[in-house]
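Report on one structure; see the data block that follows.
Read-outs throughout are calculated quantities, based only on the coordinates presented, and are distinct from any laboratory measurement. Fair warning: this is a prediction, and the values are worked out from it, not measured in the lab. In this analysis, Cβ positions are derived from the backbone assuming ideal geometry, glycine residues included, and neighbour counts consider all displayed protein chains.
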Amino acid sequence: MGRLLIAGGRVIDPHSGFDGIADVAVEGDRIAAIGPDLDRTPADAIFDAQGCIVTPGLIDPHVHLREPGHEHKETIATGTAAAVAGGFTSVCCMPNTLPALDTPEAIRFILERARSTAHCRVFPVAAGTVGRKGEHPAEIGLLAREGAVAFSDDGDAIPTAGVMSKVLRLVEATGRAFMQHCQDPTMTQGAAMHSGSIAIRLGLTGWPREAEEVIVERDLRVNRPIGCAYHVQHISSAGTVEIVRRARAEGLPVTAEATPHHMLLTHEACEGYATAAKVNPPLREASDARAIVEGVAEGVITVLGTDHAPHAPHEKALEFENAPMGMIGLETAVALYLEALVHSGAIGLPRLIALMTVEPARLCGLLGQGLGMLTVGGPADITIIDPAHEWTVQERDLAGKSRNTPFLGRAVRGRAIGTIIGGTVRHHLHRAPTEG
């Protein structure tokens, strides 16, 4: 690895509060200097970042890489290729694989596989219960020591308060966070989409908001005497935003995340039995989407995650009731977050960058590794975003294995044009020349 100069961009580092036009010099795998008009003479290569935003490497705390067990949907190699194309330098992979990530051997497999095939950094999130069955806590202490950065039964909620209490106590002892997929299974049996007018018209079983809300309320009550770091995944309901708002006002250790699709789409996207818009939790109504955006703007929701959930074309081609839930999101995240939050005026660029860097790094315990920030002497994980880049989402833009997104054909603005990991440029999208 040589010497790289990222020149003339707007450098935004929410961790330090730095926001200004500057150069970033990289030597080897480390950041050597940050400042205006750095000497270009030592550089082996110069990345022209004029008009661009230079940020800490983006971190996605909620990604499904599908390996092991579902490699026809995605692999660590293809999923991290999608991440790099989207500007992400680190991803945290969920444990709903086959087998589940519930043993030290499974965590070692992910880490070893990532070392040999991944295009970016991969951090495993381990299952909270054995087999993700919600019956018995996994060996949480051992999993943490092997490298699990958080715990979750993502794809399912732990259904009983008793088991949830045991898991929270064990996770709290590790200093990690528990990430809850908030879904009461007794309220969603056979449900395919949001319980509303569209479901009635399509003749589909509805999925009520309360199925999400009651799990959050239960967990907050159970966790009150324990104090485990508790994270609400992919909020979909305005009611959940209000529950988290009250909990955070009380000082409870709760965080929450939002996805692009729950801010930009509603259940109307499922019209015509469009399975690309079938996700878990389901797309809801405009009032819910507005509440989620407001929650981000107020600081109630502190993390952004894509819930990148790839599925093979033949699976999404099934009838709506039987098609799997989920959509991909890594390649389109930057543009869609800009649309939902910055172009709408809800928040400014520095806050958006914080939600995608230092905040997920804090949630997943990565700050100690120097991730989520730009620090002289720290790891050279850097993302370069062109906020003015206009493009239309097409299949050729998708670097992963799957294509299941309802955003195909959508005109968007803003894109990661450079992804640098450990000082190595892993993604460089050349910009069209500007008229002068």
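Sorting Asp153, Asp23 by the number of Cβ atoms found within 10 Å of their own Cβ, with the fewest placed first, yields Asp23, Asp153. Charged side chains reduced to their Cβ positions (Lys and Arg at +1, Asp and Glu at -1) give region 57-369 a dipole of some 620 debye around its Cα centre. Computed over the alpha carbons of region 97-193, Rg followed by Dmax gives 14.0, 42 Å. Along the positive direction of the dipole of the chain (beta-carbon charges: Lys, Arg +1; Asp, Glu -1; about the Cα centre), which of Ala7, Ser90, Pro208 reaches farthest? Checked the options; the winner is Ser90. Treating each Cα of region 234-331 as an identical point scatterer and summing with the Debye formula, the log10 of I(q)/I(0) at q = 0.14, 0.24 Å⁻¹ comes to -0.54, -1.18. Dimensions of the chain from C-alpha coordinates, computed as largest minus smallest value along each principal axis and given longest first, are 65, 47, 43 Å.
From helices alone, the chain scores -7500 deg cm²/dmol at 222 nm; the rule is -39500 (n - 2.57) for each run of n ≥ 4 DSSP H residues, then divide by the residue total.
Comparing Pro387, Pro95, Pro36 in a Gaussian network model of the chain where C-alpha atoms under 10 Å apart are linked, the largest mean-square fluctuation is found at Pro36.
For GluC sites (Glu not before Pro), the sites in region 275-380 that DSSP calls loop and that have at most 10 other Cβ atoms within 10 Å are Glu319. Cβ crowding within 10 Å ranks His231, His389, His308 as His389, His231, His308, fewest other Cβ atoms first. Among DSSP beta bridges lying fully in the chain, give the percent that are antiparallel, nearest 5. About 50 percent, rounded to the nearest 5.
For region 346-403, what percent of Cα pairs sit more than 19 Å apart? When every Cα pair of region 346-403 is considered, 51 percent fall beyond 19 Å.
The GluC sites (Glu not before Pro) of region 180-279 meeting both criteria, a DSSP state outside H, G, I, E and B (loop) and at most 13 other C-beta atoms within 10 angstrom of the site's C-beta, are Glu250, Glu271.
Straight distance only, please: which lysines reach the Cα of Lys401 with their own Cα at less than 17 Å, same-chain residues fewer than 8 apart left out? Correct list for Lys401: Lys73, Lys316. With Cα atoms defining each centre, region 12-27 and region 274-333 are spaced 32 Å apart in the structure.
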